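The block underneath contains the structure these notes are about, expressed in structure tokens.
The values are calculated or read from the model by the stated rules, or taken from the named source; none is laboratory data. Since this is a predicted model, take the numbers as computed values, not measurements. As a convention, Cβ positions derive from the backbone with ideal geometry for all residues, glycine included, and neighbour counts pool all protein chains shown. To get the accessible areas, we keep the full protein, side chains included, count just its heavy atoms, and leave off ligands, DNA and RNA. Shrake-Rupley method; radii C 1.70, N 1.55, O 1.52, S 1.80 Å.
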Amino acid sequence: MSQFLNASDAARHLGISAKALRLYEQRGLLAPVRSDAGWRAYGPADLERGSEIVALRSLGFSLAQVARILKGDASGLEPALAGHEATLEARLREVVAALDGVRALRGDLARGGAPSASDVTRTLVPTPGLHVAFDLPWPWGGEPFELRNIRPLTYITGPLGSGKTRLAMRIADELDGVFLGLDRAADPALQSKIEPTVGLLVQDGATDTPALRALLGGLEASTPVVVDLIEQGLDRATQEALIAHLRRHGRGELPLFVMTRSSSILDLDALGPDETVLLCPANHAPPFRVAPYPGTPGYEALASCLATPEVRARSEGVIAVRR
């Protein structure tokens, strides 16, 4: 590898997109030098720092948290690490349970037993997670839809008029969950319960507003929650702090579905294994999962649906009319 890389090669070296690399520079996390022709050039120190940023982002830290950590400010690090520790412990329990099952099968074999096919599959094949199946409402015309192995965090997105709100409401019904609409309001009875979370988010750059408190109160429901445009009323810093918090802590065993068209909420460069993206196409083809990798089916359409909070604010309240 030469001493300096251009933006494309540096992004490839770090395993991220060029867009993510530009975002790190915009936030002051990276400061590449410029060639005589004005091109960005990333040296060994830039790549080392970039690797640190990528690693911190993979742990669920927001860009604001990453900036503080790189400056040596450890405030807010403890709850973030605690959340990541809880996630790792849950995965460890799953691995230990699977390991115990395999050892039991080997023990049966050593004693001359012959485990049945069902015993083997129950042990070696993961138990299917939560799923829903139903006929799609208008505007799709009754096509069957199925979502298997629902992950802790599912994004629902699509252009205006694509039917994503109807899909979200139907999912909430099928899961006996709560649909948190745009008319959400802060519940005074929940304010003391959500106060610690508000404090953590504010420390991470969020703005304490009624919109944020109404949202956090709604997430306290003891059933699956489907949120209509989760970014409603939240500025960029609040959106970034919120989604980083949800990635780290989630809702335990309860899945969360969020409708969004904000690139700060649905950051395609930061999606983890516990997150799923559902796209409602503009042509009213059935919704489908999109893998967050350039070149995969639906990726370009997905990327075109998203915009920065500033752009989303300018289009707030726009209603699509189907003719």
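Take the residues in the stretch 269-288 that are of a type in the set (A, V, I, L, M, F, W, C) and either open to solvent by less than 30 Å² (accessible area, probe 1.4 Å) or not in a loop (DSSP other than H, G, I, E, B) (or both), then tell me which one is farthest from Glu231 (Cα to Cα). Among those that are of a type in the set (A, V, I, L, M, F, W, C) and either open to solvent by less than 30 Å² (accessible area, probe 1.4 Å) or not in a loop (DSSP other than H, G, I, E, B) (or both), it is Phe288. Checked against (1) modelled with pLDDT of 85 or more; (2) open to solvent by 70 Å² or more (accessible area, probe 1.4 Å); (3) under 20 Å from the mean Cα position of the chain (by Cα), Asp135 meets all criteria but (3). Look at (1) assigned to a helix (DSSP H, G or I); (2) among the β-branched types (Val, Ile, Thr); (3) at pLDDT below 80; (4) more than 22 Å from Pro292 (Cβ to Cβ) and you find that Val102 fails only one, number (3). Here the stretch 112-132 is the region considered, the condition is being under 21 Å from Arg91 (Cβ atoms) and either surrounded by 11 or more Cβ atoms within 10 Å (Cβ to Cβ) or of a type in the set (Ser, Thr, Tyr) (or both), and the residue that is modelled with the highest pLDDT is His131.
So in the stretch 126-166, with the set limited to residues that are part of a loop (DSSP other than H, G, I, E, B) and among the aliphatic types (A, V, I, L, M), which one is nearest to Ala285 (Cα to Cα)? Out of the qualifying residues, it is Leu136. Do we find a residue being modelled with pLDDT of 90 or more and within 13 Å of Arg151 (Cβ to Cβ) anywhere in the stretch 290-312? The answer is no; no qualifying residue exists. Which of the residues belonging to the stretch 164-177 are open to solvent by 10 Å² or more (accessible area, probe 1.4 Å) and either among the small types (Gly, Ala, Ser) or within 19 Å of the chain's Cα centre (by Cα) (or both)? Correct list: Lys164, Thr165, Gly177. On the given criteria, is Gly217 on the phi > 0 side of the Ramachandran plot, in contact with a helix residue (DSSP H, G or I) (Cβ under 8 Å, 6 or more places away or on another chain) and crowded, with 20+ Cβ neighbours inside 10 Å? Answer is no for this residue. Taking every residue in the stretch 22-37 that is basic (Lys, Arg) and pairing it with any residue that is open to solvent by less than 60 Å² (accessible area, probe 1.4 Å) and assigned to a helix (DSSP H, G or I), at least 6 positions away or on another chain, the pairs with Cβ-Cβ distances below 6 Å are Arg27/Leu63. For the stretch 307-316, the criterion of being touching a residue at least 60 places away in the same chain (Cβ under 8 Å), farther than 20 Å from Arg22 by Cα and part of a helix (DSSP H, G or I) is met by at least one residue.
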